[in-house]
Each structure stands twice: as structure tokens, then as C-alpha cells.
1. Can you name the condition, by its number, that G92 falls short on among (1) at positive phi; (2) surrounded by 12 or more Cβ atoms within 10 Å (Cβ to Cβ)?
2. Looking only at the stretch 92-128, which residues are polar (S, T, N, Q) and more than 23 Å from G73 (Cα to Cα)?
3. On the basis of being surrounded by fewer than 19 Cβ atoms within 10 Å (Cβ to Cβ), among the acidic types (D, E) and farther than 19 Å from L151 by Cα, does D75 make the cut?
4. Check the stretch 106-119 and report whether any residue there is buried (at least 16 other Cβ atoms within 10 Å of the Cβ) and either at pLDDT 95 or above or closer than 18 Å to I54 by Cβ (or both).
5. Farther than 15 Å from I54 by Cβ, free of Cβ contacts under 8 Å to residues at least 60 places away in the same chain and part of a loop (DSSP other than H, G, I, E, B), is that true of L126?
6. Going through the stretch 92-112 one residue at a time, which ones are in contact with a Phe, Trp or Tyr (Cβ under 9 Å, 6 or more places away or on another chain) and either β-branched (V, I, T) or under 13 Å from L126 (Cβ atoms) (or both)?
Amino acid sequence: MRYETFAIAAAFAMSAMAAVAQTPAGADPASGARPGHEVGVGDSLPLSNSASNIVPSDTHSAIAPTLPHVKLGADATPHDYLSAARASVVAGHTGRAQQLLEMAETRALDRSVPQGSNNVPSDSPLIGQIRDARHALGGGNRTHAVQIIDLALAG
């Protein structure tokens, strides 16, 4: 009984140590924010140039890394973002491609809806294609992601 209690206590201690080891020194354990960083303002750690946290198979942390900044201009259309995302996927810049696909989706979601219908998901084929391209990217299938983006651009 005594050994069992000791083993359980040791297991808890090791799991607590692992949890602490995953949080950067001085970071807020609840949000992962580093000291002095205001959540949602400026760059946040961790940073990544690779696509991640899209689908369960590419999610390695509850804290999604900050993706590269992209600047296409205030008047950029979903088509502009998709074209840039395609070029990024082809070049192997998956983090940039993910950011561009997310921005294309946001632009494509700009729509008018009847009052009280703002919680109804969009049934736009373009939104579905962008989602499918992101999922292909998250699954590591860049070729399929490009094919889906090509379909979205042709539509």
C-alpha cells in the first residue's frame, strides 16, 4: 500500500514537471503568454513558418503558433488571397499558405444575412473549398491543397 501511494505521488509529480517544462520560463501557465505580452497584441510566441493546428493530426499544442504576416492590402479579394496561398503552397511555405487561406476564408465570409441569421453557417461552395484546402494542408498533402485551390480560383 505504501509503495502504491508513493508510485502515484511520483507519477503526479512527473506529470506536473512535464507540464511546467512545456510552458516557457515566466509565461502565464493559463494562456502561455510571455511576461509583458498583452494577449492578442503584436507577435506572440511560439512563432512558426509551418502549417499546424488545422486538423487533429497536425495539432501538437493547445497554443497555436503565430503564423507569418501577410500583406496584400485592404482591398485584397478572396481570389487575391487564394492566388498568394497557391504560390506559397507550391514554394513549400505552408505557414504562410495557412495564414493566406484563413484570410481568404475571412474575406469570403463577408456577406449580408437577414437579421437573426448571423449564426447560420455559410453554405458557399468557396468556403467549403477553402476549408478543404486547409485540411489538405494540415494533412500534409500539398498537391491536393493546390488542386483544391485551383478549383476555388476557377469558380
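The values are calculated or read from the model by the stated rules, or taken from the named source; none is laboratory data. Remember, it's a predicted structure, so these values are computed and weren't measured experimentally. Methodologically, a virtual Cβ is constructed for each residue, glycine included, from the backbone with ideal geometry; neighbour enumeration extends over all protein chains shown.
1. So G92 meets the others, but not (2).
2. First pass over the stretch 92-128, keeping only residues polar (S, T, N, Q): 94, 98-99, 106, 112, 115, 117-119, 122, 124.
Scanning the stretch 92-128 gives Q115, S117, N118, N119, S122, S124.
3. Here the answer is yes, as D75 does meet what is asked.
4. Applying the first criterion (buried (at least 16 other Cβ atoms within 10 Å of the Cβ)) to the stretch 106-119 yields 107-108.
Filter once more, keeping what is either at pLDDT 95 or above or closer than 18 Å to I54 by Cβ (or both): 108.
For the stretch 106-119, residues buried (at least 16 other Cβ atoms within 10 Å of the Cβ) and either at pLDDT 95 or above or closer than 18 Å to I54 by Cβ (or both): present.
5. Working: farther than 15 Å from I54 by Cβ: yes; free of Cβ contacts under 8 Å to residues at least 60 places away in the same chain: yes; part of a loop (DSSP other than H, G, I, E, B): no.
Taking the combined requirement at face value, the residue does not satisfy it.
6. L101, A104, E105, T106, R107, A108
Residue-by-condition table, conditions (1) of a type in the set (G, A, S); (2) farther than 18 Å from G155 by Cα; (3) free of Cβ contacts under 8 Å to residues at least 60 places away in the same chain:
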site: L72; (1), (2), (3): no, yes, yes
site: S88; (1), (2), (3): yes, yes, yes
site: A91; (1), (2), (3): yes, yes, yes
site: V120; (1), (2), (3): no, yes, yes
site: D132; (1), (2), (3): no, no, yes
site: G140; (1), (2), (3): yes, yes, no
